[in-house]
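Presented below is the structure to which this report refers.
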Amino acid sequence: MRLEFQHIHKHFGAVHANNDISFTIEAGTIHGLLGENGAGKSTLMKILSGFIRRDAGEIRLDGHAVEFKNPAEALHLGVGMLHQDPLDVPPLSILDNFLLGRQTRLIQDRSAARADLQTLSQRFGFDLDPDAPVASLTVGERQQLEIVRLLSRGARVLIFDEPTTGISLPQKVKLFETLRLLAQQGMTIIFVTHKLADAEDLCEQVTVLRLGRVVGQVTRPFTSAQLVQLMFGQTFATRERAAVAPGEPVLELRDLCVADYRLRVPHITLTARAGEIIGLAGIEGSGQRLLLRACAGLDAPVAGEIRIAGAKMNRQPYRAFLARGVGYLPAGRLEEGLVAGLNLTEHFILARRTREWLVNWNAAQNHARARIAEFNIRGDPASRVESLSGGNQQRALLALLPLDLKLMLLEHPTRGLDIESTLWVWQQLLERRQRGAAILFSSADLDEILEYSDRILVFSGGRVAQALEGRETSAQQLGELIGGKGL
Amino acid sequence: MDTNLIVLTLASVLADSSPLVFAVIGETLGEKAGITNLSLDGTILLSAMVGFAVAFTTDNLYLAFLAAMLVGASVASIVAFSSIVLKLDQIAVGFVLTMLCADLSTFFGNPYVRKPGPAVPHLAMPGLGEIPVIGKIFFDQNAVVYLSLLVILAVWWWIYKTQPGLQLQSIGERPAAAFARGANVNAQRFVYTVLGGALVGFGGAAYSLFVKLGWSYHHTSGIGWIALAVVIFGGWHPIRGAIGAYIFGGLQSLSGLAQSVPAFANVPTQVFQTAPFALMIVALLLVSNQAIDRFFSGSPISRKVWQSLRGAPPGALGTVFEQE
Ligand SMILES: Nc1ncnc2c1ncn2[C@@H]1O[C@H](COP(=O)(O)OP(=O)(O)O)[C@@H](O)[C@H]1O
Ligand SMILES: [Mg+2]
């Protein structure tokens, strides 16, 4: 199906999320839609698949202008979308999910649906057990279910929104293979991503969005330098880091075992010295968070020893960790890090450790104003934290951490931030490191791990590999380790 | 205790629990769609009162049950409207309605207090009623009791065996996904909540027209709250919910029997009256306690058994659905 966007506009309040977008996608191709977080990719795709209504513009399928009131209508005309977070019903079985939305009689013909599901799965080599609950599947398998479901409903255009986030390397290989197969069979594939490498690997043509506008289109053969140029408007060379000689050991872990009700990661041994940055790599939920929380004194380890600046910290309360200069930055900015409903001044007051009963509001406000300027937060002392954008929330969180930290534990410090905020956050962190802080951070972004880590701990399948030297590790190696190869 | 007494007790548990069963099934239906109707206790009171009042004045039981269902459906439609259209908090609205309905029942029920009125007639199933034991328990009852059994099975069948039922589950679990598959989420939520309310109203009338005949101040003695707890106890599953209702009914009649045991002669009767409520709290604690979860998650087999017993609330229970 040939697809045309013509002068699409979409506003969310003051945000012009799609600004006069026009381009064409040929039938039977894999078309990349590339852009930073917040560029407007998901918005455009949700418009195409009927989830949201455009403010202006036209969409044409095979030359006919179409108007969808909801996703079901879009699918009826052949447009199906796989969302970043698969839009299925986890407690139900695969078969039930497959059946949902079909036109059936009151009592479904389950055996026919089962046969359908199996034929389609076989066609792509998917291994989907019809009776397994979707909650037990990995994101990759849930994508497979959505693919066969949408195909069985007659989709001819398939939209994949950031499908490579949160799946393992083998699953990614399988996904790409499937996408190529689909294109060969005449499907039009739209592949939405912010990852250059993925777009380069897979797409015949790539359209680049920036700040809601189309800034360019390239057709194979193209180079990644071209894409970077379009995406960011300039090329970033990886800058050399200032070398920092590691100092005293700040954090020592001996044969530590961390666990929660579903995961157990034994035998973690690590020494982090002042001025060192250690990246925790792995698929989300492989134990990085457990380790960070154990080191912060928030969860007790199951076994092993934690020492901070030489002192044994097992069974010590969180207060004792704070007193020794440990700071933890959780991934859930609004859920765990900040208090929604309170403004910035109130946050700075809360973060102060003092025994005063009464708050000196004038002084507090001045203090808040100074910190806001210093950390370049777009907001004022009276701004409630939930009204700030993600990047500014992260700046606020950093501003709230005491300056004299010895050990910083950061969970996804730059997740969801645009490139400018990301660079700013790292600049702050590198400064802290110069002052002698040791930093442990987790990230789903391999490039970030490789760029900033002195050493890397890889978490995979309940195990932790020996720490790797950051400088001597390639993305390929790291990706394979994360995917469970050679661990 | 001889078998005859046991059979009679079981038969009376089945009969006396039927209002609770209707309420539990009705609430389960609405909550499956994602809407909590917290007004249950008020709804039951008001519909019990209206049911009795209509039966008393018209002497027509059909009209009485119909009026009670209408009351239940109306209250539920206020809950649904305020949640779906006005986007108010379901708990707050439900709570206010509980109070309001209770007071209304007291006010309008005043003329009917302690008046003798019509009752649902006994209706033994010809033939089936003569089967030993089973017949006595299940088929020597009245039409309301048969209907309560039928409703349990029908709702179970609808939710788990039909396509609209599958859609109902998806609406309560993940409305965005249901919407993506063509469901009109809010319209369906409205319908199931109102339908559930009508069942609750039916239960109210069953209470005043045969379980505890007539009308008095706060006549239904809190079974609405028990119904809300039993829905949780039953893991939002109609059959397990019904079993929960029967367990509560069983506890009540056990405590009734215990009163007549000479050894307990000195225990105040209030203890027996409140014991089932206390036991229900213990039961709730057992099914919704994380420590016990962890205990059972030790081995894969016990975890499986436990999970199948436990049941999680619908993922989107109590939330508002809006198209982006
Ligand atoms: N439902 C919404 N309400 C308000 N703003 C939104 C909504 N969806 C997206 N936006 C805003 O529109 C812009 C584009 O978002 P999005 O399309 O999700 O970007 P991308 O998918 O490229 O990361 C962002 O600034 C985002 O904050
Ligand atoms: Mg997006």
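Taken together, the values in this text are just the output of simple stated rules run on the coordinates, not laboratory data. Bear in mind that the values here come from a model prediction, so they are computed numbers and not experimental data. So basically every Cβ, Gly included, is an ideal-geometry build from the backbone, and we count neighbours across all protein chains shown.
Details
- Inter-label distance for B:S253 and B:L286, nm, one decimal - labels placed 7 Å from Cα along Cα-to-Cβ: 2.0 nm
- Neighbourhood net charge (10 Å Cβ-Cβ; Lys/Arg +1, Asp/Glu -1) for A:D299: +1
- Cα centroid separation - region B:157-174 against region A:151-176, whole Å: 27 Å
- Residue-span extension gain [A:D404 to A:Q118] - 0.36 nm each, minus C-alpha spacing: 97.0 nm
- Zone residues, region B:1-27, relative to B:L149, backbone N less than 14 Å from point 7 Å out along Cα-to-Cβ: B:10-18
- Antiparallel DSSP beta bridges within the protein assembly as shown, percent to nearest 5: 55 percent
- Sites A:Q84 and B:V261 - FRET efficiency at Förster radius 60 Å, r taken between beta-carbons, to 0.05: 0.40
- Using the Cβ-Cβ distance between B:L63 and B:L104 with R0 = 22 Å, the FRET efficiency computed as 1/(1 + (r/R0)^6) comes to roughly 0.65.
- Sequentially through region A:258-264, phi angles give Karplus couplings (6.51, -1.76, 1.60; θ = phi - 60°) of 10, 7, 10, 5, 10, 9, 9 Hz, Gly and Pro residues having no value and appearing as x.
- Theoretical ellipticity at 222 nm over the protein assembly as shown - DSSP helices of four or more residues, -39500 (n - 2.57) apiece, nearest 500: -15000 deg cm²/dmol
- Alpha carbon centroid spacing (whole Å) that separates region B:257-282 from region A:314-336: 50 Å
- Looking at region A:1-69, the trypsin sites (Lys or Arg not before Pro) that sit in a DSSP loop and have at most 15 other Cβ atoms within 10 Å of their own Cβ are A:R2, A:R53, A:K69.
- Tensor-based shape of chain B (alpha-carbon gyration tensor, a/c under 1.5 rounded, otherwise prolate or oblate): oblate
- Computed from the C-beta positions of A:N362 and A:H9 and an R0 of 60 Å, the FRET efficiency is 0.85 to the nearest 0.05.
- Listed residues B:I44, B:I35, B:I137, most fluctuating in chain B (Gaussian network, C-alpha, under 10 Å): B:I137
- Label-point separation, A:A197 to A:R384 (7 Å along Cα→Cβ), nm: 4.1 nm
- Straight Cα distances below 22 angstrom link B:K32 to the lysines B:K87, B:K161, with same-chain residues fewer than 8 positions distant left out.
- Backbone N under 17 Å from the A:E374 label point (7 Å along Cα→Cβ), restricted to region A:350-365: A:350-354, A:363-365
- GNM on chain B, alpha-carbon springs under 10 angstrom: the most fluctuating residue among B:A73, B:A11, B:A263 is B:A263.
- Other protein chain C-beta atoms within 10 Å of residue C-beta, averaged over A:104-114: 2.
- Rg in Å to one decimal, and Dmax rounded to a whole Å, for region A:433-487 via C-alpha atoms: 11.5, 37
- B:Q273-A:T219 pseudo-label distance in nm [points 7 Å out on the Cα-to-Cβ vector]: 8.6 nm
- One decimal place: the segment B:V85-B:L5 gains 23.5 nm when fully extended, by the rule 0.36 nm per residue minus the C-alpha distance.
- For residues of B:155-167, the mean tally of beta carbons on other chains within 10 Å: 3
- Extent of region A:340-400 along its three principal axes (Cα atoms, max minus min coordinate, largest first): 32, 22, 17 Å.
- Average beta carbon contacts from partner chains per residue of B:177-190, 10 Å cutoff: 5
- Between the alpha-carbon centres of region A:347-408 and region B:1-46 there is a gap of 54 Å.
- Relative contact order for chain A: 15 percent, from Cα pairs under 8 Å spaced at least 6 residues apart, divided by residue count.
- Computed over region B:111-267, the alpha-carbon pair-distance distribution with 5 angstrom bins reads 2, 7, 11, 16, 17, 16, 12, 9, 5, 3, 2, 1, 0, each value a whole percent.
- Value of Rg to Rh for the protein assembly as shown (Rh from inverse mean 1/r over Cα pairs, i.e. Kirkwood): 1.03
- For a modelled paramagnetic label at A:E204, 7 Å from Cα along Cα-to-Cβ, the residues of region A:17-33 in reach, with backbone nitrogen under 12 Å, are A:25-32.
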